[in-house]
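Undergrad: Please find one structure pasted underneath; my questions will follow.
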Amino acid sequence: MNDEGTLVEHVTHQRWYGAKSRQISHAQVLDSVMLPTTEPQYAIAIAELRYDTGAHDVYQLLHPEDDSFGVARELVSAMRSGLTLQGSDGIVELRPVLGFAGLGRELIDARDVGAEQSNTSVVFDDELILKVFRRLEPGVNPELEMLRFLTEHGFPNIAALGGWYSYSGGPLSATLGILQEYVRGGCDGWELALDELAEEPERFLGRLHRLGEVTGEMHRVLASDANEPAFCPETPSVESLGLLTATVDEEIERVFLSLPDEDEAVSPIAGRGEEVRDLLRQMTHAGFAGQFIRTHGDYHLGQTMWADDDWVILDFEGEPARSLTERRRKRSVLRDVAGMLRSFAYAASAVSLLRDTEPAYGWEDQARARFLEGYFDTVDPALLPSGQSAIDRLLAVFELEKAVYELQYELDNRPDWVGIPVRGIQRLLEETTTPA
Amino acid sequence: MSEQWFERDPNWFKTAVFYEVHIRGFFDGNDDGSGDFRGLIEKLDYLQWLGIDCIWLLPMYPSPLRDGGYDIADFFGIHPDYGTVDDFKEFVEQAHQRGMRVIADLVMNHTSSDHPWFQESRTDPSGPRGDWYVWSDTDTPYQDARIIFVDTEPSNWTFDPIRGQYYWHRFFSHQPDLNYDNPDVQDAMLNVLRFWLDLGIDGFRLDAVPYLYEREGTNGENLPETHAYLKRVRAEVDARYPDRVLLAEANQWPEDVVQYFGDGDECHMAFHFPVMPRMFMSARREDATPIYEILERTPGIPSNCQWGLFLRNHDELTLEMVTDEERDYMYMEYAKDPRMKLNLGIRRRLAPLLDGGRDDVELLHAILFSLPGSPVLYYGDEIAMGDNVYLGDRDGVRTPMQWTGDRNAGFSRADWAQLYLQPLMDPVYGYQAVNVEAQLRSPTSFLRWLHRFIALRKEHPVFGLGSYEPQRTDNPRIFAHIRQWEEDIVLCVHNLARSAQPVQLDLSRYAGMVPEEMFGRTSFPPIGELPYLLTLAPRGFFWFRLRQTA
């Protein structure tokens, strides 16, 4: 694969290749590392694609790509033995997590579980899942970092980490993949919501109360180690609220600038950009924002699973569109909470869009209340602003930020769904413009 | 494992936005009245938000501070007011985690007279460092070398009563020049570079590089020996430290400065000094000619090199690279009070130089950001801070950063009297009127405008990488040019006049394309064969992306 044309052809035809609209100017393999097999010869390659806009991406390739199960199996076996492999410009380290039982087993059946934009996953025997990061960014992947931390600090509601492998060398140092326990027989939180919302709403509300507790506990554990610099809670700087306000404000301005005039779904908030910005300013009057810690970063029902009578929290990668340094950043825990609350709004609307039934009247309000009740019972109050009204205000800021982001996303991708963020923004406008 | 936060990208500096920090004036992390590295760490989130790619630190070494730290007394330490070497390491790591790089000022030409090397040299002429400085029995050699600090220094030679000889100094008499003819000095300076590079620093701004060597019958600037030594430094950096940058401070005419790029094997970057006063001149005269002319006079540079561009910095607005006539004009227009003059320059900040005119400040930033090069911002100018011309030397432009309207401008929790300098308190530029906190909260503030503008520039690598093609028209008040990099074509039109102006641009080469204004993304009428007519507001500007019609 030394020929540039073949490499471009190869990479751009992969499902995980994310930059489909960009023109590639150069492509090259920066390093390749052979796995200790002879026939067939398996390998990992680090390849760089340069675009004509001056940007570039670095990808991990498995060789041969059409036998990715074979490569994956070999990777797990090398992880088990804790191998360090030499490339021409760096090394690949494969490491097991001590005491992880799943590593001992023989890998028989492998299946693909769909590729997302930046990674691919292989499931072995419904027991293990190997996630291979395809688009690489320098630094520790937050997924690995968070799972290790949560495992070491005894947070039980995750799928256990079994091992990982990473590259360090001239081109960059990056996490290449992780091995995790596969949650068998689990039910995706989003699907469960849609199923139960119409049929057994009361039962699901009970589950949401538990989800609130698990979330509060997750934040408590994430804030529990002052000796680990990457996780040690931080007192936000005096500018932090100002920086947040400015960022959200510019986002609102940008989105409202290009709001389509003719779209009926948008009409409740059309032309109200300035009102939304005023609202934001009212909500961010200076005050202590609580301690900042590492958070889930992309928290919604789709990142949860109900298995063995409890919630499992998944996917600690953070928002894939953000840079890795951005995703590893310490933030207010209320950002995760807001993400989940927005997810309830989506679930309430999706039931009618996807399942053709209506949620019980006032379901979303109840869902919010039950989740928050469980959350505030367990979370460490030092992580929150002082006083309920300050908490509510900051929570509303994050919901607004999220809803504005959703608005742009739905306008670009799913016009039928635009009404959901519109209602979210409208709700915030109405709640807070009522004189106190 | 030490974590590496950047992908290998040897040309990162070509699309970067730099920010010059005066550590003492930025933020006080230990309440002693002086800014320090702990404080700087606390403000990294702010710099990251602003969109800064690389922080340039003014000298941070132990120093008697008779020249703002450019008089270094120990190349391997940190000034105790700023913290420790460990604090510095932590700062670099924290900056890297936020995706920002760090370069530091390094003075190779001279040391402080307090430096142990100089003390050894003056007391032990036959010892191992006896020859590390430039000594002479008389003050007559090298008479063709000009005096730089004309306000304070009568000669480049000063008599040392201890050694009984004269020593050579291109700057203050307390800053003896090192003798680069001595191979030990050359090696010692390479050791200094390695020390900091090993600590993770991303490069250096090399202060006063033209003066390393002296030769009889020359002006002692830009000598071939100096270039040869800089090439040796570069080779050392390339071999062991990829992705680093050497930024030359050579206050010279463009044709001399380009020598510092070598064939892409000397310095990565050099400041473009002469373009700076011409931007101010053009704004005052309402005439784009000085900018066009200096850019015409600027030779091409190797593709792996870049100009550093700036409006203001920690020094006086230097007028060395203008004609006498131009200098008189600048003094007359921008330094009405004689206190504002210093050496061959004007010691004022950007906003007061432009009489606080918001349109003027925006226009000059637009021109700066549109030119081929990487912009270097000076701390405080992003909130349009003022200056204090009643303070001595260059302290007037080095007052504490104004963070909030609270006590000490939010810069320090020390007692007012303990501060290294008091923050500005005048009604126009004082910290109650001008501060980061208030500007962050106000969507129409200059800070918020600049933040959006930096983001816009960074979305388009063309500004760092593209070609430059002037578009002179018959309206001299308009500065217009086209930048192009691969398929990305950008048209920048700036009105230097205080009145509205029409301009007709010959864009027939781009006929059929549609100019899209870059801020608001509004499409303008397509370009045809006839001259393209634009109307600009007073001190207004347009940046367009030229798009193919579908």
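Undergrad: Let me have the 222 nm mean residue ellipticity of chain B computed from DSSP H runs of 4+ only, each contributing -39500 (n - 2.57), with the sum over all residues rounded to the nearest 500.
TA: Estimated from H runs of four or more residues: -7500 deg cm²/dmol.
Undergrad: Also, quick follow-up: To the nearest whole percent, what portion of all C-alpha pairs in the stretch B:468-547 is separated by more than 15 angstrom? All intermediate terms of the calculation are to be shown ahead of the outcome.
TA: Working: 1687 of 3160 pairs.
I get 53 percent for the Cα pairs in the stretch B:468-547 exceeding 15 Å.
Undergrad: Give A:131/A:402; A:330/B:43; A:330/A:402 a once-over and call out the pairs whose C-alpha atoms are over 19 Å from each other.
TA: Working: A:131/A:402 27 Å; A:330/B:43 15 Å; A:330/A:402 17 Å.
Pairs exceeding 19 Å: A:131/A:402.
Undergrad: Mind jotting down the three principal axis lengths of the protein assembly as shown based on Cα atoms? Whole angstrom, largest first.
TA: That works out to 98, 66, 64 Å along the principal axes.
Undergrad: Counting partner chain Cβ atoms within 10 Å of every residue's Cβ in B:88-100, what's the average?
TA: Values: counts 0, 0, 1, 0, 0, 1, 1, 0, 3, 6, 4, 6, 1.
Across the residues of B:88-100, the mean count of other-chain Cβ atoms within 10 Å is 2.
Undergrad: Which of rounded, prolate, oblate describes the stretch B:309-448, given a ≥ b ≥ c as roots of the alpha-carbon gyration tensor eigenvalues and a/c under 1.5 marking rounded, otherwise prolate only if a/b is larger than b/c? Provide the component values of the computation, followed by the final result.
TA: Working: a/c = 2.09, a/b = 1.32, b/c = 1.58.
Verdict is oblate for the stretch B:309-448.
Undergrad: Please say if the stretch A:284-436 is rounded, prolate or oblate, where rounded means a/c under 1.5 for a ≥ b ≥ c the square roots of the C-alpha gyration tensor eigenvalues, and otherwise the choice is prolate for a/b larger than b/c and oblate otherwise? Spell out each step's value before the answer.
TA: Working: a/c = 1.33, a/b = 1.18, b/c = 1.13.
Verdict is rounded for the stretch A:284-436.
Undergrad: Which aspartates and glutamates have a Cα less than 14 Å from the Cα of residue B:336, not counting those fewer than 8 places away in the same chain?
TA: Excluding near neighbours in sequence, the set is B:328, B:355.
Undergrad: Same structure again: What does the C-alpha gyration tensor say about the overall shape of chain B? Classify as rounded when a/c is under 1.5, otherwise prolate if a/b is larger than b/c, or oblate.
TA: Details: a/c = 1.62, a/b = 1.45, b/c = 1.12.
Judged from the Cα gyration tensor, chain B comes out prolate (a/c at least 1.5, a/b above b/c).
Undergrad: To the nearest 20 Debye, how big is the dipole of the protein assembly as shown about its Cα centre, given +1 on the beta carbon of each Lys and Arg and -1 on that of each Asp and Glu?
TA: Values: 92 positive and 161 negative charges, 281 e Å.
Its charge dipole is roughly 1360 debye.
Undergrad: Toward the positive end of the charge dipole of the stretch A:187-433, about the Cα centre and with charges on Cβ (Lys, Arg +1; Asp, Glu -1), which of A:288, A:417, A:350 goes farthest?
TA: Checked the options; the winner is A:288.
Read the figures in this text as sums done on the coordinates, not as results from a lab. Everything quoted here is computed from the prediction, not taken from an experiment. Cβ coordinates were reconstructed from backbone atoms using ideal geometry, including for glycine residues, and neighbour counts include every protein chain displayed.
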